[in-house]
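What follows is a short report on a single structure.
Read the figures in this text as sums done on the coordinates, not as results from a lab. Given the structure is predicted, the values throughout are model-derived calculations rather than measurements. Cβ placement follows ideal geometry from the backbone for every residue including glycine, while neighbour counts extend to all protein chains displayed.
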Amino acid sequence: MQIADRSVASFHYTLTNEAGEVLDSSEGREPLAYVHGAGNIVPGLEKALAGHETGDSFKVAVTPEEGYGPRHPELMQTLPRSAFQGVAEPQPGMQFQGKGPQGAILVTVTAVDGDEVKVDGNHPLAGQTLNFDVEVTEVREATEDELNHGHVHGEGAPAH
Ligand code: ZN
């Protein structure tokens, strides 16, 4: 059967950026399973998967608009070190829960310069073209529970 709304598809993937660096991959793990049409994965990848069947392999370049969105410069801020209470030594790469325009966001420390700490609240993949290399491993009909919940219920997972 073909991937369409109300189906559950599983696929292996490798995600590379424009420089060809591997950012993420399902290699060595279970394939990723999702409910098609439920917004479980980025829109550009979901769109590209539609109509494919078990065994299909394809590549797709997902633009930021159909991926994790553009980068918002206003989410990059410089804060005084005193804003990090309870953190002895803020370091680049550390992540903290912060307040964004639409509620809680995850911010990443990008630089520390004396008393100034630069943070970035953008998704790490925002603004990037995402190159997916995909292999579809299974397509099946979603159960009513999965459709109601909007996510996949794995094998052996308790009913909820
Ligand atoms: Zn559920």
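For a quick check, take a GNM of the chain with Cα springs below 10 Å and name the residue from Pro43, Pro64, Pro90 with the largest mean-square fluctuation.
Pro90
Kindly provide the helix-only [θ] at 222 nm of the chain, computed as the sum of -39,500 (n - 2.57) over DSSP H runs of four or more divided by all residues, to the nearest 500 deg cm²/dmol? Please list the in-between numbers first.
Details: 2 runs with 13 residues, N = 160.
The helix-only estimate for the chain comes to -2000 deg cm²/dmol at 222 nm.
Between Ala19 and Ala4, what is 0.36 nm times their sequence separation minus the Cα-Cα distance? Round to one decimal in nm.
Details: separation 15, 0.36 × 15 = 5.40 nm, distance 3.19 nm.
Gain on extension, Ala19 to Ala4, equals 2.2 nm.
Of Gln128, Leu147, Phe11, whose Cα points farthest to the positive end of the dipole of the chain (charges on the beta-carbon: +1 Lys, Arg; -1 Asp, Glu; origin at the Cα centre)?
So the residue furthest toward the plus end is Gln128.
Given an 8 Å cut-off on Cα distances and at least 6 residues of separation, report the relative contact order of the chain as a percent. Spell out each step's value before the answer.
Numbers: 309 pairs, mean separation 55.0, N = 160.
After rounding, I find 34 percent.
Using a Gaussian network model on the chain with a 10 Å cutoff between Cα atoms, which of Leu75, Leu15, Leu45 fluctuates the most?
Leu75
In sequence order, what are the phi-derived ³J(HN,Hα) couplings for region 77-86 according to the Karplus relation 6.51 cos²θ - 1.76 cosθ + 1.60 with θ = phi - 60°, rounded to whole Hz, with x for glycine and proline?
Once θ is set to phi - 60°, the couplings for region 77-86 become 9, 10, 10, x, 4, 5, 6, 9, 5, x Hz.
Under 18 Å Cα to Cα from Lys47, which lysines show up? Leave out anything in the same chain fewer than 8 places away.
Lys59
With a point put 7 Å past each Cα toward its Cβ, work out how far Thr54 is from Asp145 in nm, to one decimal.
Once both label points are built, they end up 2.2 nm from each other.
Among Gln91, Gln128, Gln102, which one shows the highest mean-square fluctuation when the chain is modelled as a Gaussian network with alpha-carbon springs under 10 Å?
Gln102
Tell me the GluC sites (Glu not before Pro) within region 1-85 that lie in a loop according to DSSP and have at most 12 other beta-carbon atoms within 10 Å. Intermediate results must be reported in sequence, preceding the final value.
Working: sites: Glu18, Glu21, Glu27, Glu46, Glu53, Glu65, Glu66, Glu74; in loops: Glu18, Glu21, Glu27, Glu53.
Here the GluC sites (Glu not before Pro) that fit, given the DSSP loop and packing criteria, are Glu18, Glu21, Glu27, Glu53.
Can you give the charge dipole size of region 10-160 about its Cα centre, rounded to the nearest 20 debye, using +1 on the beta carbon of Lys and Arg and -1 on the beta carbon of Asp and Glu?
On the way: 8 positive and 24 negative charges, 111 e Å.
With Lys and Arg at +1 and Asp and Glu at -1, about 540 debye.
For the chain, report the translational diffusion coefficient in µm²/s to the nearest whole number, using Stokes-Einstein at 37 °C, 0.692 mPa s, and a Kirkwood Rh over Cα pairs.
Numbers: Rh = 18.0 Å.
Using the Kirkwood radius from Cα pairs, D works out to 183 µm²/s.
Between Glu30 and Thr78, what length comes free when the chain is fully extended (0.36 nm per residue of separation minus the Cα-Cα distance, one decimal in nm)?
13.3 nm
Applying the Karplus parametrisation 6.51 cos²θ - 1.76 cosθ + 1.60 with θ = phi - 60° to the phi angles of region 122-139, what ³J(HN,Hα) value in whole Hz is obtained for each residue in order, glycine and proline being reported as x?
Once θ is set to phi - 60°, the couplings for region 122-139 become 6, 4, x, 9, 4, x, 9, 7, 9, 9, 9, 10, 10, 10, 7, 9, 7, 9 Hz.
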